[in-house]
Amino acid sequence: MTTKTLLEVKALNAYYGRAQILFGIDLHVNAGEVVALMGRNGAGKSTTMKSIMALVRRRSGSVVFRSHEISMLQSHQISRLGLGFVPEERRIFSELTVMENLTVGAQMPREGMRAWTTAELFAMFPNLGQMPQRPGGHMSGGEQQMLTVARTLMGNPYLVMLDEPSEGVAPVIVEQMAHMIQQLKRQGLSVLLSEQNIHFANLVSDRAYVLERGQVRFSGDMRELIADKQIRSQYLSL
C-alpha cells in the first residue's frame, strides 16, 4: 500500500443470510480523491459501503484504513478512526434541532485535518443556517440529507462515504451537493461516493468503479468511463 492510499479494500465478500451479495470486491481511495462507486440498483454499492463500516454481519476480506486493518472492528470503532458514513436513509434525530443534531456528531480534531465548526457548515449549507432551531423531523428530504452530511463532517473525518446523495432530492439540492463535494476535495478530504447519476458523478469524481451483481466490472479514470459507451450501456443504462 502506498503512503497516499487512505482506504484499501481487498477480496471483500458479503452475504445476507445464505445469499452472497459481494464477490471479491477490490477498491482503493487515495488521500484528497473523490471516487465514484457506480452501478444500477441492486449492483452492490450500498452493501459495499455497509460492509466497509461493519454494518453487514457476514462478510470476509481485508479493509485497511490509514494503515489499520479495520475488518474486525465494530462500526463505532471505525467511525472513531475518522471514517465517516452518510447512509441513503438519512438517519437524523428527528426530535432534535439542526444544531442539536450537529452537536451530537462532534468529535475531537484529528491530526492533519481541519476541525469543522457549525459556522463553517452553515456557510456550506445555507439552508441549514436559516433553520438552526428547526427539528429534524420538520425538514424536507433534501434538507435532511444536508443535515446528515453536516453531522458527519462534525466528526472531522479523513474520508466520507456518501451513499446515493443525489437520490430523491430536488435539483437545487443536487447542485449544492456537487458544490459541497468539490469544496471538500479542495480542503483535502477524501470521498467515496455511491451514485447512479453519471452526470453528477462526472462533476465531482476523479475515478470510478462500476459494479454489477456484486462484482467490479470497470475500474479507471472517470474520463475513461465517460468515453466508454459500451461499459456505460452494459452496466449503467436503465
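Every number in this text was worked out from the coordinates using simple rules, so none of it is lab data. Nothing here was measured: the structure is a model prediction, and the numbers come from that model. Cβ atoms come from the backbone with ideal geometry, glycine included; neighbour counts cover every protein chain shown.
Residues with beta-carbon under 10 Å from that of residue 5, excluding residue 5: net charge, scoring Lys, Arg +1 and Asp, Glu -1?
Every neighbour counted, the sum reads 0.
When the chain is treated as a GNM, springs tying every alpha-carbon pair under 10 Å, which of 91, 59, 151 comes out with the largest mean-square fluctuation?
So, out of 91, 59, 151, the one fluctuating most is 91.
In whole angstrom, note down how far apart the Cα centers of the range 166-182 and the range 4-64 are.
A separation of 24 Å, based on Cα centres.
Given that just one value was derived from the coordinates, which of (1) 27, 20, 17; (2) 51, 15, 13; (3) 36, 18, 17 is semi-axes √(5λ) of the Cα gyration tensor in Å?
Computing semi-axes √(5λ) of the Cα gyration tensor in Å and matching it to (1) 27, 20, 17; (2) 51, 15, 13; (3) 36, 18, 17 gives (1).
Compare 192, 12, 153 in a GNM of the chain, Cα atoms joined below 10 Å, and give the one with the largest fluctuation.
Result for the chain, Cα springs under 10 Å: 12 fluctuates most.
Hey, what number do you get for the chain at 222 nm if only DSSP H runs of n ≥ 4 count, each worth -39500 (n - 2.57), divided across all residues, to the nearest 500?
Theoretical 222 nm ellipticity from helices: -9500 deg cm²/dmol.
Which order results if 95, 88 are arranged by neighbouring Cβ count within 10 Å, fewest first?
By the 10 Å Cβ count, ascending: 95, 88.
Relative to the longest principal axis of the chain, what angle (0 to 90°, nearest 10) does the C-alpha long axis of helix 141-153 take?
Once rounded, one gets 90 degrees.
From the mean inverse distance of alpha carbon pairs (Kirkwood) and the Cα radius of gyration, derive Rg over Rh for the range 92-172.
Value, to two decimals: 0.96.
Relative contact order for the range 19-90: what is it in percent, counting Cα pairs under 8 Å that are at least 6 residues apart?
21 percent
When you count, for each residue, the other Cβ atoms within 10 Å and take the mean per peptide, how do 136-144, 50-58 rank with the highest first?
The peptides rank, most packed first, as 50-58, 136-144.
Give the angle, between 0 and 90 degrees and rounded to the nearest 10, that separates the Cα long axis of helix 171-186 from the longest principal axis of the Cα atoms of the chain.
Between helix and principal axis, roughly 80 degrees.
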